[in-house]
Amino acid sequence: MKAFRLDELEAERAANDGAYLQFLRERNMSVGLYALDAGSQDPQQPHSQDEVYFVVSGRASITVGMETTQVARGSVVYVPAGVAHKFHHISEDLRVLVVFSPPES
């Protein structure tokens, strides 16, 4: 079994000065913690993997393709492989668990 604590993952991510920390990688998926502070810009580009976001904390909007919705704690968003997507109008520090399938390359 592999078990993780969000507070420890956040501390590791912050210590490495990165917005993204991959903490699990298996044959069919990878999982990471993505952090965007209030007012920041989301620099990501489309990925070649399907992706699921689970918002742990914060508030923002996300645009996936031509659709936009607001997200907050508890929101779950699916992003198909190859589709442009970005978080924006980040009004509270955003912390998101990200699941890639297959694993992010």
Log entry, pairs with first residue in the stretch 88-105 being on the phi < 0 side of the Ramachandran plot, second being assigned to a strand (DSSP E or B) and among the charged types (D, E, K, R), beta carbons closer than 6 Å, six or more apart or on different chains, reads 91/59; 92/59; 100/51; 101/50; 103/25
Just one listed residue, out of 22, 41, 45, is under 21 Å from residue 105 (Cβ atoms) and assigned to a loop (DSSP other than H, G, I, E, B), and it is 45
Counting only residues in the stretch 23-36 that are closer than 13 Å to residue 95 by Cα and touching a Gly at 6+ places or on another chain (Cβ under 9 Å), the one surrounded by the fewest Cβ atoms within 10 Å (Cβ to Cβ) is identified as 35
Reported set for the stretch 7-22 where residues are over 17 Å from residue 103 (Cα atoms) and open to solvent by 70 Å² or more (accessible area, probe 1.4 Å) is 7, 8, 12, 15, 16, 17
Taking the stretch 37-68 and keeping only residues that are among the acidic types (Asp, Glu), within 16 Å of residue 101 (Cβ to Cβ) and open to solvent by less than 30 Å² (accessible area, probe 1.4 Å), one is left with 51
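The values are calculated or read from the model by the stated rules, or taken from the named source; none is laboratory data. Just so it is clear, the model here is predicted, and its values are computed rather than measured. Please note: Cβ atoms are built from the backbone with ideal geometry, for glycine as well, and neighbour counts cover all protein chains shown. Side chains included, ligands, DNA and RNA excluded: accessible areas come from the protein's heavy atoms. Shrake-Rupley method; radii C 1.70, N 1.55, O 1.52, S 1.80 Å.
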